[in-house]
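Read the structure below first, then the notes.
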Amino acid sequence: MNEIKDQLYRLILNKEAQKYAFAVKQGNEVKYPHQKDYLSEADLTKAIKGEASLGVMLIQDKSGLCKAGCIDIDVPRDAKDLTEGLTLAQTLKETAKISNLRTYIEFSGNRGYHLWIFSEKAVTASLMQNVLKAIASQANFDCKEYFPNKVPTESKCIKLPCSLHLKSNQRCGFISSNFNPNEPQIDFNSQAELMADFVQNELEDLTAIANSSVDNLTSGNKESQFESNKKQSEINQKLNSFGNNHPSCIN
């Protein structure tokens with residue numbers, strides 16, 4: 001269990017100011033009522049044990065930065081079934097790889113997939129959104145939902161990998177090469193080992209693909225979007241140059 005927690009903190013979660021929600025089932029709907037406090041290690045342990053379904057905001061409160069982004073692939077919204085959905089996720093994964101980005105597919109535990117991307121350093125939420133949009137655009141995928149979903153304040157949580165899906169009562173988690181969409185199950189015991197091999201992408205590569213999306217904009221917006229991405233990259237570099245010794249105003 002500690003190995004899973006370590007990897008979730010490395011890839012997605014923040015030790016401090018992590019906004020979250022425990023899912024509740026209302027009729028046939030699963031909702032995530034946001035909590036007023038911040039995620040504790042005890043809350044995370046509860047979710048990993050399968051005692052609760054945990055959703056998180058990817059943007060750290062106060063700093064506005066995030067370490068991860070996610071494209072949501074839903075059945076039947078984006079694909080007719082889990083087999084077609086997996087093919088779509090793999091296409092997005094290969095598209096990102098062309099731009100030297102590593103992404104990872106998670107089974108949602110019910111009727112879809114999440115394509116995750118991780119950054120070696122925390123980046124602005126706007127930059128992460130632009131990366132996700134660029135990957136989807138280059139794969140000719142009309143992405144209806146991605147996370148973080150709004151900037152600067154998110155309105156929705158994303159279910160944390162290794163948590164429980166309340167509708168199916170199945171675990172969500174990253175898939176291995178032998179995943180069968182016709183009998184969708186994840187190997188919970190292998191999750192820590194899988195995540196340990198996950199690569200956190202370099203800021204330079206993330207910024208490059210975000211800027212490449214400029215080519216898909218109208219000429220009137222190209223310069224402003226390019227400058228926006230450039231400024232975000234500069235902000236990221238300045239913030240990360242402080243390491244763990246952020247000035248008190250940033251803290």
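Amide H contacts of L65 (H built 1.01 Å from N, in plane; Pro and chain starts excluded): Q60 sit under 5 Å, all sequence-distant by 5 or more or on other chains. Partners of K62 within straight-line reach, counting aspartates and glutamates whose Cα lies under 15 Å from its Cα and excluding those fewer than 8 residues away in the same chain: E16, D37, E154. The residues neighbouring C157, those whose beta-carbon lies less than 11 Å from its own, together hold a net charge of +3 under the Lys/Arg +1, Asp/Glu -1 convention.
Rounded to the nearest 0.05, the FRET efficiency derived from the C-beta distance between N180 and D61 at R0 = 41 Å is 0.60.
When a 1.4 Å probe is rolled over the protein heavy atoms, the share of accessible surface on the range 1-54 that falls to carbon and sulfur comes to 44 percent. Excluding ligands, DNA and RNA, the accessible surface per residue across the range 139-212 is 50 Å² with a 1.4 Å probe. Sequentially through the range 105-115, phi angles give Karplus couplings (6.51, -1.76, 1.60; θ = phi - 60°) of 9, 10, 7, 6, x, 9, 9, x, 9, 10, 9 Hz, Gly and Pro residues having no value and appearing as x.
Remark: for residue pairs K36/K150; K93/K144; K46/K97; K36/K97; K46/K80; K49/K80, the C-alpha separation exceeds 29 Å in K46/K97; K36/K97; K46/K80; K49/K80.
The values are calculated or read from the model by the stated rules, or taken from the named source; none is laboratory data. This one's a predicted model, so the numbers in the text were calculated from it and none came from an experiment. Reconstructed Cβ throughout: ideal geometry from the backbone, glycine too, with neighbour counts over all protein chains shown. Ligands, DNA and RNA are stripped out before the accessible areas are found, and what is left, the full protein with its side chains, is counted by its heavy atoms. Shrake-Rupley method; radii C 1.70, N 1.55, O 1.52, S 1.80 Å.
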